[in-house]
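Here is the structure we will look at, set down as structure tokens.
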Amino acid sequence: MSLPPLDETHDRHATSWAPGADGSGPFPVQNLPFCCFSTGDLGPRAGVAVGDVIVDLGAWLAACDSPQDAALADLCEGPLNALLAAGAEPRRALRRRLFALLTDPGARGELEPFLVPAAEAELHLPCEVGDYTDFYAGIHHARRVGRLFRPDSPLPPNYPWVPLAYHGRASTVVVSGTPVTRPWGQIPDTPGPRFGPTARLDFEFELAIWIGPGNPHGRPIPIAEAADHVAGFGILNDWSARDIQAWEYQPLGPFLAKSFATSVSAFVVTPEALAPFRAAALPRGPDDPLPLPYLADPADQTAGGLDLVLETYLSSRRMRAEGVPDVRIARTTSRHLWWTPAQLVAHHTSNGCQLRPGDLLGTGTISGPEPDEGGSLLELAEAGARPIALPTGETRAFLEDGDRVRLVASAQRPGFRSIGLGECWGEVVG
């Protein structure tokens with residue numbers, strides 16, 4: 001497996017002349033995530049965020065005097081699919097070039113005309129999502145949820161062996177900030193099910209994995225090459241209707257309980273930006289099986305994971321009316337994933353399934369072993385047995401209309417500048 005090397009773009013002492021790029025926010029010059037944005041009459045196009053501004057990539061590259069830049073500028077029209085399809089080398093070269101310009105005061109005149117204030121830009125889904133697959137790689141979530149419903153056998157017997165997943169609905173993947181309408185469905189009742197709005201609406205904190213080049217149909221991606229097909233990471237909220245889910249998942253997997261909305265953050269943080277924050281794969285116990293050979297790669301086991309801090313915030317309509325800030329209800333780390341991103345890609349394609357540029361993978365809900373490390377309300381409130389107390393005296397077992405959920409992820413490690421993945425938030429509407 002080939003991971004991005006550390007280079008000058010990771011220098012914690014590097015500073016930028018760009019507005020707001022002083023390192024206090026999620027997008028210092030050491031980050032440089034991609035996004036898709038629009039302004040005024042100009043439609044969606046590729047950008048790179050730094051501080052409080054967005055570099056208009058296509059406009060800047062088109063103004064450069066070289067055929068290579070002109071070709072690259074063509075890839076920056078519309079969503080990021082074409083740009084991510086180009087692969088790692090153009091992405092890394094573009095990152096180093098932008099870093100050099102943004103840290104050189106003498107280059108300000110060259111790049112400044114192509115900076116757009118982020119406050120004046122509308123953010124869109126980073127990519128046109130052709131396919132979306134949601135994995136179940138958070139082992140503590142799987143154990144805790146399984147324990148609620150199957151106390152004697154919380155984990156399915158195949159869990160330690162195979163990356164489990166379901167095929168999600170790409171048409172309802174929405175960008176952060178999009179309202180989430182409370183879904184209706186069949187709900188268990190006596191003497192039979194009834195049709196109505198979910199009373200057990202929940203969030204699930206996951207990481208988004210954006211696919212780069214992908215593979216031809218019928219050709220699996222070997223585990224040693226899988227990381228080369230990951231173009232970047234974001235935050236994903238797999239909204240879930242637990243009462244609908246409990247009725248319909250027997251015997252098949254999630255359907256209407258999940259397909260009504262999946263929120264993703266607007267920024268694609270590259271593997272290059274996250275190079276200092278890699279981690280070993282989650283250690284396995286003496287009774288756990290080792291990955292089968294097609295999922296086993298020494299380099300991936302050593303540094304194929306990610307060490308990110310994940311925080312969940314909640315606010316009610318009443319809290320906002322009374323000026324009470326949102327409250328953090330959970331904090332955990334992405335190191336609790338049982339499978340690495342490369343393993344998810346390798347397994348997904350192991351039967352010859354094609355992944356295409358801009359396809360989206362969710363890691364599955366990420367939780368830690370402690371009670372306050374849950375990645376969902378189902379865990380944090382113990383299926384309603386231990387509701388969460390809010391500062392206004394309200395409690396929450398599940399989400400109510402007007403509630404806002406905000407998911408935040410950041411990378412922190414001594415010796416390196418901290419960077420963020422932005423945030424992913426949504427408000428529940430009836």
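General observations
- Listed conditions (1) more than 23 Å from Val129 (Cβ to Cβ); (2) at pLDDT below 95 are all met by Phe277, apart from (2).
- When the helices (runs of 4 or more DSSP H) confined to the range 292-406 are screened for residues that are over 30 Å from Leu83 (Cα atoms), touching a Gly at 6+ places or on another chain (Cβ under 7 Å) and in the same structural domain as Gly232 (by TED's automatic domain parsing), those reaching at least 1 such residues are found at 317-321, 377-380.
- Cβ pairs under 8 Å, 6+ apart, first in the range 156-181 and under 12 Å from Glu427 (Cα atoms) and assigned by TED's automatic domain parsing to the domain that holds Val405, second of a type in the set (Asp, Glu) and not in a loop (DSSP other than H, G, I, E, B): Ser176/Glu423; Pro179/Glu427; Val180/Glu427
- Residue in the range 6-27 that is at pLDDT below 95, surrounded by fewer than 21 Cβ atoms within 10 Å (Cβ to Cβ) and closer than 15 Å to Phe267 by Cα present: yes
- Scoring Pro156 on the criteria (1) touching a helix residue (DSSP H, G or I) at 6+ places or on another chain (Cβ under 6 Å); (2) surrounded by fewer than 16 Cβ atoms within 10 Å (Cβ to Cβ) leaves a single failure, condition (1).
- Of all the criteria given as (1) within 29 Å of Glu248 (Cβ to Cβ); (2) surrounded by fewer than 22 Cβ atoms within 10 Å (Cβ to Cβ), the one not satisfied by Val264 is (2).
- Residue match in the range 37-56 (condition: of a type in the set (S, T, N, Q), touching a His at 6+ places or on another chain (Cβ under 7 Å), assigned to a loop (DSSP other than H, G, I, E, B) and within 27 Å of Asp359 (Cα to Cα)): no
- Qualifying residue in the range 280-302 (condition: modelled with pLDDT under 95 and buried (at least 17 other Cβ atoms within 10 Å of the Cβ)): no
- Complete set of residues in the range 69-99 that are more than 30 Å from His13 (Cα to Cα), part of a helix (DSSP H, G or I), in contact (Cβ under 8 Å) with a residue 12 or more places away in the chain and among the small types (Gly, Ala, Ser): Ala73, Ala82, Ala85
- For Val345, the conditions (1) over 13 Å from His141 (Cα atoms); (2) touching a Leu at 6+ places or on another chain (Cβ under 6 Å); (3) among the hydrophobic types (A, V, I, L, M, F, W, C) are fulfilled apart from (2).
- Per-region count, the range 315-354, residues surrounded by fewer than 23 Cβ atoms within 10 Å (Cβ to Cβ) and aliphatic (A, V, I, L, M): 5
- Residues located in the range 209-244, provided they are of a type in the set (D, E, K, R) and farther than 20 Å from Ser334 by Cβ: Arg219, Glu225, Asp228, Arg242, Asp243
- In summary, Trp60 fulfils each of the numbered conditions (1) in a helix (DSSP H, G or I); (2) among the aromatic types (Phe, Trp, Tyr); (3) within 28 Å of Ala281 (Cα to Cα) with the single exception of condition (3).
- Contact map, the range 318-344: residues that are closer than 14 Å to Ala389 by Cα and in contact (Cβ under 8 Å) with a residue 60 or more places away in the chain paired with residues that are buried (at least 23 other Cβ atoms within 10 Å of the Cβ) and aromatic (Phe, Trp, Tyr), Cβ distance under 8 Å, separation 6+ or inter-chain. Pairs shown: Ala330/Phe205.
- Among the residues of the range 1-44, those identified as small (Gly, Ala, Ser) and touching an Asp or Glu at 6+ places or on another chain (Cβ under 9 Å) are Ser2, Ala14, Ser16, Ala18, Gly20, Ala21, Gly25, Ser38, Gly40, Gly43.
The values are calculated or read from the model by the stated rules, or taken from the named source; none is laboratory data. Everything quoted here is computed from the prediction, not taken from an experiment. Every residue, glycine as well, gets a Cβ built from its backbone with ideal geometry; the counts of neighbours run over all protein chains shown.
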